[in-house]
Amino acid sequence: MRTRLLSSERRTLPPAPTGAERVRYPSGTLELQAYLARPPGATGPRAAVVYLHGGFSLVPSDFEHARPLLDAGMVVMTPSLRGENGNPGELELLWGELDDAVAAIEWVARQPGVDPQRIHVVGHSIGGGLAALVSLRADAEVASTTSIAGLYTPATFVRWAASDGNRKLVRFDPAVASEGELRVLGPQLSRMVHPHVAYIGRDDAPFVANAHALATAAARVQAPLEIREVEGNHEGCLAPALADFLRRRAGEVTS
């Protein structure tokens, strides 16, 4: 996982990449920032993707990772979350950020040129963990939820809290079991209300093991979870996963 904490140069949202604009969206009482892009020359309502970035600040390279979705004809929103890029609020690590993700879905659904029946959520790394949690939210009106290298476990937070590099990310006591369990999909499989596809890189060993364990658990409770392995490690699996996502949805992207 990329540990990308806020640094002095990331306390504001950088200028928008080519083809995108900086926008603001509300999440409760917070006003947060995002990049938004529409396919050039698009006519009629389009499918849209809310792409949840990895790391802990939004940078232009995150939008570039999602650019294949734009090139395929989809509207793309890449939101920054509470406590990131000069946004109000504080990092809560897969807690309040879930409200931000649902708020981004609601906001993009109201935008001109977006088909509110075809909004997809895709996230990578910690953003994938957030996308997986969106599958639990009945108030998230989404056509699909997808994570890429985002199936974390409560043990992840225990390890982070014990490490110098990641200790500051854990804003709760990981020894309290419920704190970790509420921040990951596995213990909550029976509460899923949206189908979720979880992509895992074949060379991302810890995530592969957890994915297979979750597949078994999901089958027991008939949870709508699908595991798909692609080539690559934690970072390298992103491009092939997005390519497979687009291949599977080719018929609905621009129609």
(request) Send over a whole-number figure in Å² for the accessible area per residue of the chain, probe 1.4 Å. (result) 42 Å²
(message) Given a 1.4 angstrom probe, I'd like the percentage of the accessible area of the chain that is carbon and sulfur, rounded to a whole number.
(response) 52 percent
(request) Compute the Cα gyration tensor for the stretch 135-213, then decide on rounded, prolate or oblate, letting a ≥ b ≥ c be the square roots of its eigenvalues: rounded whenever a/c is under 1.5, prolate when a/b is larger than b/c in the other cases, and oblate in all that remain. (result) oblate
(request) Would you please give the residues with an amide H less than 5 Å from that of ILE227, counting only those at least 5 places away or on a separate chain, with H modeled from the backbone geometry? (result) ALA198
(message) Please list, in order along the stretch 114-120, the HN-Hα scalar couplings obtained from phi with the Karplus expression 6.51 cos²θ - 1.76 cosθ + 1.60 (θ = phi - 60°), rounded to whole Hz, x for Gly and Pro.
(response) 10, 7, x, 8, 10, 9, 10
(message) Once you order the gyration tensor axes a ≥ b ≥ c over the Cα atoms, which shape class does the stretch 184-253 get: rounded for a/c under 1.5, otherwise prolate or oblate by comparing a/b with b/c?
(response) oblate
(message) If amide hydrogens are placed 1.01 Å from N in the peptide plane, which non-local residues have theirs closer than 5 Å to the one on TYR152?
(response) LEU185
(request) Please give the calculated 222 nm ellipticity per residue for the chain, where each DSSP H segment of at least 4 residues contributes -39500 (n - 2.57) and the sum is spread over every residue; nearest 500 deg cm²/dmol? (result) -9000 deg cm²/dmol
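The values are calculated or read from the model by the stated rules, or taken from the named source; none is laboratory data. In this text the structure is predicted, and so the values were computed from the model without any measurement. Protein only, heavy atoms only, side chains kept; ligands, DNA and RNA dropped before computing areas. Shrake-Rupley method; radii C 1.70, N 1.55, O 1.52, S 1.80 Å.
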